[in-house]
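Take a look at the structure below.
The values are calculated or read from the model by the stated rules, or taken from the named source; none is laboratory data. A quick note: this is a predicted structure, and the numbers were derived from the prediction, not measured. Cβ coordinates were reconstructed from backbone atoms using ideal geometry, including for glycine residues, and neighbour counts include every protein chain displayed.
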Ligand code: NAD
């Protein structure tokens, strides 16, 4: 049996992870995947029950699991909780505790939803890319100084720092990801200015021969930001550092047109964690109107990357695509002439199409 730890979290977390588990159970029946589930608390719900947003029992269960399916955490109810115990601390604790070193954010624009994008239909219809962001290094984890006085002037600084093994690890993952897809990798840096970027580019180049079947190119981050807006279809897999990846992945996410549809994976040394990119949406929690597709597509990524079940992953993705093509919509992506369904009902439509 393959053990999946499910962490619903807060807000709409329970509804959307319930949907994703129903879909996983259906796909398990079809492909005999032998999955078993264990549910654990995190976030505000965990704080209320256990006095901490990330109980040790949750972290230990994740470490022992084949993969983790995560909903979302947070909500106004916990706004006045001590900063160290805020629900969102659970995410940082999981990243650190599980050694989640890479974040994968696919952006796939379904043809039938291309008009939801802020970009023109022709530019975005058919976009299918993945951003691979380094998650535990770079300037977010370097030394920093909040304030110092030098020559009578106050300043602050943050140190950007990357080692060859760190760049090698993320680059290999990006090459492997490209191999499973369109076999094209774009490495993004600022090598015309930064020493860390020059080391990044040199290190990526040393791996080129090992992955000769993948086409590799380099782009400066400013150019990449522009290219994502003017010609996003040129990209297959983009690999970049922590800071550039944070910004580019949010830019790329809006191309898709709805945050309710966007999945993500955080790949780790001990296990990997899969979650939609949106938050706990407290404004719509408990109303059966949340879009579960981002979480269902995260479950497909779980099958692809942690369990190496590519056929089952694709079955989920095409069931979601067919549900959309057949005109079924949750409220967030509803348009005139479509059929509006709740969280539970649209999940049933997806399962019917598996
Ligand atoms: P949010 O993503 O929760 O919601 C933003 C807007 O998008 C809301 O109007 C919401 O109703 C809508 N939305 C989000 N997901 C949706 C879905 N699946 N279907 C339909 N509509 C959806 O962001 P926010 O409002 O800024 O944050 C709410 C809480 O979530 C905060 O406490 C924040 O800290 C937390 N948060 C958690 C995570 C995480 O757990 N990974 C990520 C981001 C925000």
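In this structure, residue 315 qualifies as out of contact with any strand residue (DSSP E or B) (no Cβ under 7 Å at 6 or more places or on another chain) and in a helix (DSSP H, G or I).
Put simply, of 97, 44, 71 the only residue that is within 12 Å of the ligand (Cβ to nearest atom), more than 18 Å from residue 302 (Cα to Cα) and within 22 Å of the chain's Cα centre (by Cα) is 44. Counting the residues of region 100-124 that are part of a loop (DSSP other than H, G, I, E, B) and crowded, with 17+ Cβ neighbours inside 10 Å gives 4.
On the stretch given as region 242-254, residues that are away from the ligand (no atom under 13 Å from the Cβ) and crowded, with 20+ Cβ neighbours inside 10 Å total 5.
Screening residue 83 against (1) more than 13 Å from the ligand (Cβ to nearest atom); (2) over 17 Å from residue 309 (Cβ atoms) leaves a single unmet condition, (1).
Residues that are within 19 Å of the chain's Cα centre (by Cα) and part of a strand (DSSP E or B) were ranked within region 158-191; the one that is surrounded by the fewest Cβ atoms within 10 Å (Cβ to Cβ) is 186. Would you confirm whether any residue within region 27-43 is crowded, with 24+ Cβ neighbours inside 10 Å and in contact with a strand residue (DSSP E or B) (Cβ under 8 Å, 6 or more places away or on another chain)? The answer is yes; a qualifying residue exists. The condition of being modelled with pLDDT of 95 or more and farther than 18 Å from residue 297 by Cα holds for residue 32. For region 327-341, filtered to residues that are assigned to a loop (DSSP other than H, G, I, E, B) and within 11 Å of the ligand (Cβ to nearest atom), the residue that is surrounded by the most Cβ atoms within 10 Å (Cβ to Cβ) is 330. When residue 95 is tested against (1) surrounded by 15 or more Cβ atoms within 10 Å (Cβ to Cβ); (2) touching a strand residue (DSSP E or B) at 6+ places or on another chain (Cβ under 7 Å); (3) at pLDDT 95 or above, exactly one condition is not met: (3). Criterion first (within 18 Å of the chain's Cα centre (by Cα), in a helix (DSSP H, G or I) and surrounded by 15 or more Cβ atoms within 10 Å (Cβ to Cβ)) does residue 90 satisfy it? For residue 90, the condition - within 18 Å of the chain's Cα centre (by Cα), in a helix (DSSP H, G or I) and surrounded by 15 or more Cβ atoms within 10 Å (Cβ to Cβ) - is met.
Might you check whether a residue that is over 24 Å from residue 104 (Cβ atoms), at pLDDT 95 or above, touching a helix residue (DSSP H, G or I) at 6+ places or on another chain (Cβ under 8 Å) and within 15 Å of the ligand (Cβ to nearest atom) occurs anywhere in region 302-320? No.
Conditions (1) near the ligand (Cβ under 9 Å from one of its atoms); (2) crowded, with 21+ Cβ neighbours inside 10 Å; (3) touching a residue at least 24 places away in the same chain (Cβ under 8 Å), marked per residue:
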site	(1), (2), (3)
270	no, no, yes
282	yes, no, yes
292	yes, yes, yes
296	no, yes, yes
